[in-house]
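The values are calculated or read from the model by the stated rules, or taken from the named source; none is laboratory data. From a predicted model like this one, the values you see are computed outputs, not experimental measurements. Heads up, the Cβs are rebuilt from the backbone with ideal geometry, glycines too, and the neighbour counts pull from every protein chain shown.
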Amino acid sequence: MAKTERKSTTPSTTAGRKPRGRKLTAEVSKAVQAVLDKKGADVVVLDLRDTPAFTDFFVLCSGNSQRQVKAIADAVEEALRAAKLRPAHIEGYDRADWVLMDYFSFIVHIFTPQTRSFYALERLWGDAERIDVSDDPALSKAPSA
């Protein structure tokens, strides 16, 4: 399935700079809140809408143990199922070093700290807008854009 290019309706103040202040979708907000409710660490959302990515958002977080990684994944799945949204695919749940939950328009990545450091998705997708929600739960409750 090919992704169609979207044009931002948010004006940019400086040519070549990405627009700031874009809000999370309701589904991404629910996923972020589920992560925060399970004490996920270093929660970051990468807004990939202005990149040639295959999805709109990455939700990245860390769990301090494999047990916590699974608990976070379970909480995300439960919260989104309540909103009538099911993942298209889940990978890595059994090993729980890196659980990937694909919801088409966004992907949730739940890592152990060592695995997150090794793969460094934030660096790999460095041109994406980074939304740090670890210290500001209000961002995770933003209404749909």
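A few points about this structure:
- Applying a threshold of 7 Å to beta carbon distances and a minimum spacing of six or more residues, or different chains, the list of pairs starting in the stretch 57-69 at a residue that is closer than 22 Å to Lys23 by Cα and ending at one that is of a type in the set (Lys, Arg) and surrounded by fewer than 22 Cβ atoms within 10 Å (Cβ to Cβ) is empty.
- Sub-6 Å Cβ pairs linking a first residue in the stretch 95-107 that is at positive phi to a second residue that is in a loop (DSSP other than H, G, I, E, B) and modelled with pLDDT of 95 or more, at least 6 apart or interchain, are Phe104/Ala88, ordered by first then second residue.
- Meets criteria (out of contact with any Pro (no Cβ under 9 Å at 6 or more places or on another chain) and more than 18 Å from Ser65 (Cβ to Cβ)) for Arg95: no
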